[in-house]
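Novice: Please find one structure pasted underneath; my questions will follow.
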């Protein structure tokens, strides 16, 4: 019997390891992490009980086992509420949690008084140690917890299955299966082997079902899969389908554009919905292309959209429709075609608007890239501020003969310097530690890609002067004065001055900022590194700029 408890303890630990290894790149599900961790602890308690040699050891093992018995039911109930989209008031959650703590408090009295166990007798089941308890009044309250939460959970699942079309039926049936299996295993175990603790088997099976549910939730969550790295926008609607073309959900803007979506059932194909037939047609066309575009006119508004595949772990798992409210742009284009001769002023205004949109796009892309990079959070905003400090120092002390036009452009393009990292895979960009030599070579490619991407996006919108500065900053900010940098190994004054200034901001921020693989340097240490690198890594002319900016830089980072 000891082997049985050891196997169940090992399987519980494997479930926890699988969750940590395979779901760590998604938004962490703290409920599931807590359940799997508690299951592992509880099953370990059963193993300790099986190996106990004394009543004192058995008491300790039983208290460990009861961690699961007291806290897994309320957490699973919270998971059910969450997956059924039912909001529970905070005070109700607090009561549920506190009741579990109260029960566990009574459990901790085992061996000290008769509140929970009046008497306990050691027994042997095969080679495993067990106990035969006589229950105290406190144990009655445990049954209320166990069966009360179970009944509430089944009631919520039944209600959601019948009433809530916006909840995945597959997820609901998986949760119902969890409850049924828990009861069935318990009853069958009591009939077949009444002296054997069946809870460890229940916990392992529950872990499998919850891992399955977590895998499905990563596909269903619009926010996690589409806009977790961007602020929600009022002008974009999203609609999702799985590989079998079953409807997975839509955000509120999409439902506002296509009201019939509110009548569609999750996990079911869209049928007999006239206004939605085009969605299936677009999916058909996507099978022959990498991307399709479409237009919609609704209530005097014009919408443009496209459809792409959704990928998870390098496998296609569904389809994503993105719909943009393009009414202003559509009206502008139409107006421009009709009144081109009389719209010079308006064209200039719209051009400025397009430039503003282009800048916002670049900033959003930069923010998206940085939100993907767990190692350098905030780097873009901080280096942009550092560039502004350095440029102000240059102008204040007349250190370099720079035009105002140049300075304004440099400050504006600074956030774009690492844009090429958007093309670097998550396995490298989000690696929690130092890169291998091969990975570092791939990471180095972001500089060249940054220059190409900035030039491509700005071409035809900004003037050549601005594009040249933006491209130089993006491509050459990792070059070194001694020629040992990348990507082009430029040396000395062959490196554009804008890139030499950007290098100061980029390296200084890296030194004084905490990363997952290092602590932040002190200001004094960072200052010494920067000064010692003048003439090798940095342009020697930068030393005066850096020294005179020191106080402002340290004041900024101290905030």
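Taken together, the values in this text are just the output of simple stated rules run on the coordinates, not laboratory data. Just so it is clear, the structure is predicted and the values come from calculations on it, not from any experiment. Cβ placement follows ideal geometry from the backbone for every residue including glycine, while neighbour counts extend to all protein chains displayed.
Novice: Taking the Cα centroid of the stretch 126-140 and of the stretch 19-90, what is the distance between the two, rounded to the nearest whole Å?
Specialist: 21
Novice: Still on this structure, I have one more. Starting with the highest mean, order 56-67, 115-126 by the number of other Cβ atoms within 10 Å, averaged over the residues of each peptide.
Specialist: Ranking the peptides 56-67, 115-126 by packing returns 56-67, 115-126.
Novice: Mind putting together the pair-distance distribution for the stretch 420-502? All Cα pairs, 10 Å bins, whole percent per bin, short to long.
Specialist: 18, 42, 31, 8, 0
Novice: Now a separate question. What are the extents of the Cα atoms of the stretch 34-101 along their three principal axes, listed from largest to smallest and rounded to whole Å?
Specialist: 47, 20, 11
Novice: To continue, here is another question. Using all alpha carbons of the stretch 81-158, what is the percent of pairwise distances in each 5 Å bin, ordered from the shortest bin to the longest?
Specialist: 3, 13, 17, 17, 15, 12, 10, 8, 5, 1
Novice: Can you give the log10 of the normalised intensity I(q)/I(0) at q = 0.08, 0.16 Å⁻¹, computed with Debye over equal Cα scatterers of the stretch 2-220?
Specialist: One equal scatterer on each Cα of the stretch 2-220 leads to -0.30, -1.16.
Novice: Of the peptides 392-398, 525-531, how do they stack up when ordered by the mean number of other Cβ atoms within 10 Å, highest first?
Specialist: 525-531, 392-398
Novice: Over the Cα atoms, compute the radius of gyration (one decimal) and Dmax (the largest Cα-Cα distance, rounded to a whole number) for the stretch 1-115, in Å.
Specialist: Here Rg and the maximum Cα pair distance are 16.2, 48 Å.
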